[in-house]
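Comments concern the structure below.
What follows draws every value from the coordinates through simple rules; no lab data is involved. Every value quoted in this text rests on a predicted model; they were computed, and no experiment measured them. For neighbour counting, all protein chains shown are included, and Cβ atoms are generated from backbone atoms with ideal geometry for every residue, glycine included.
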Amino acid sequence: MRTGLYINDFSKVFSILLKKNGVTCYQISQYTGLDEAYLSRLKNGERNNPSAATIMKIALALTHQSNRIRLWDIEDLFNSAGRSILAKR
């Protein structure tokens, strides 16, 4: 998946990856310890600008749940929030 159309919309990318993976916000919350309601608000666009640590937790949960998620999917997730996987020097 290359989500170029949604590059600045975390909720769209997050929703796409949840569907691609066949998991729910509840399942992600169980793995990450993040509040299910917070994840739902991120998914629905009611909250935005998650921290890099939060995105990493979500990314790890997504990759743990399925082998359908690829590195470029995680890159898209970070980019959609205006963040980068790699720290800038």
Residues being in contact (Cβ under 8 Å) with a residue 24 or more places away in the chain, under 18 Å from ASP73 (Cα atoms) and of a type outside the set (Lys, Arg) - total across region 18-31: 5
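Table: residues versus (1) within 12 Å of LEU17 (Cβ to Cβ); (2) in contact (Cβ under 8 Å) with a residue 24 or more places away in the chain; (3) in contact with a helix residue (DSSP H, G or I) (Cβ under 7 Å, 6 or more places away or on another chain); (4) exposed (fewer than 13 other Cβ atoms within 10 Å of the Cβ).
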{"site": "TYR38", "(1), (2), (3), (4)": "no, no, no, no"}
{"site": "PRO50", "(1), (2), (3), (4)": "no, yes, yes, no"}
{"site": "MET56", "(1), (2), (3), (4)": "no, no, no, no"}
{"site": "ARG68", "(1), (2), (3), (4)": "yes, yes, yes, no"}
{"site": "LEU71", "(1), (2), (3), (4)": "no, no, no, yes"}
{"site": "GLU75", "(1), (2), (3), (4)": "yes, no, no, no"}
{"site": "SER84", "(1), (2), (3), (4)": "no, no, yes, yes"}
